[in-house]
Amino acid sequence: MSARLSADDRRRHPRYPLATSVQFYHGPSQRDFPGRCANISISGMKMYVPAATPVQPGQPIRLSLGSVGRPEFSRLGRGPLDATIVRVDRKALIDEGDLAVGVRFAEA
């Protein structure tokens with residue numbers, strides 16, 4: 001019997017808390033949406049978006065981050081980043097009122 005790894009165990013890079021604004025262009029709907037970053041790593045981030053945002057895993061987005069105070073992530077705050085949605089957690093609606101969305105940066 002194999003043990004199932006948790007999401008934290010599968011991460012290659014450590015995540016750090018980062019509270020900053022996010023604006024992203026959602027390719028499939030060709031619309032811009034707001035969000036807020038919860039945590040970030042060199043390869044991706046978790047953000048919260050409004051409940052009505054039409055996001056699904058596998059969809060491309062282009063995002064811009066607000067202030068990124070951590071020096072190791074300064075390149076991420078310099079302009080739009082191409083990314084892919086890898087996870088949408090609708091259970092967060094109960095606790096947070098927004099969708100939790102996992103994103104992988106294209107340049108990771």
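Structure data summary
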quantity	calculated
Segment 59-85 - residue that is of a type in the set (V, I, T) and within 13 Å of V22 (Cβ to Cβ) and, of those, farthest from the chain's Cα centre (by Cα)	V68
Output for segment 70-108, where each listed residue is among the small types (G, A, S), at pLDDT 75 or above and exposed (fewer than 15 other Cβ atoms within 10 Å of the Cβ)	G79, G97, A106
Inter-residue pairs, beta-carbon under 9 Å, first of a type in the set (F, W, Y) and in segment 59-83, second buried (at least 16 other Cβ atoms within 10 Å of the Cβ) and in a loop (DSSP other than H, G, I, E, B), 6+ apart	F73/S41; F73/I42
Flag if V49 is β-branched (V, I, T), under 14 Å from F105 (Cα atoms) and touching a Lys or Arg at 6+ places or on another chain (Cβ under 9 Å)	no
Residue satisfying all of: in segment 1-21; of a type in the set (S, T, Y) and assigned to a loop (DSSP other than H, G, I, E, B); modelled with the lowest pLDDT among these	S2
Selection status of S43, modelled with pLDDT of 90 or more, hydroxyl-bearing (S, T, Y), under 18 Å from A106 (Cα atoms) and touching a Phe, Trp or Tyr at 6+ places or on another chain (Cβ under 7 Å)	yes
Positions within segment 74-98 being of a type outside the set (K, R) and part of a helix (DSSP H, G or I), in sequence order	S74, L76, G77, A92, L93, I94, D95, E96
Per-region count, segment 22-54, residues in a loop (DSSP other than H, G, I, E, B) and within 11 Å of the chain's Cα centre (by Cα)	2
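The values are calculated or read from the model by the stated rules, or taken from the named source; none is laboratory data. These numbers come from a predicted model, not from an experiment. Methodologically, a virtual Cβ is constructed for each residue, glycine included, from the backbone with ideal geometry; neighbour enumeration extends over all protein chains shown.
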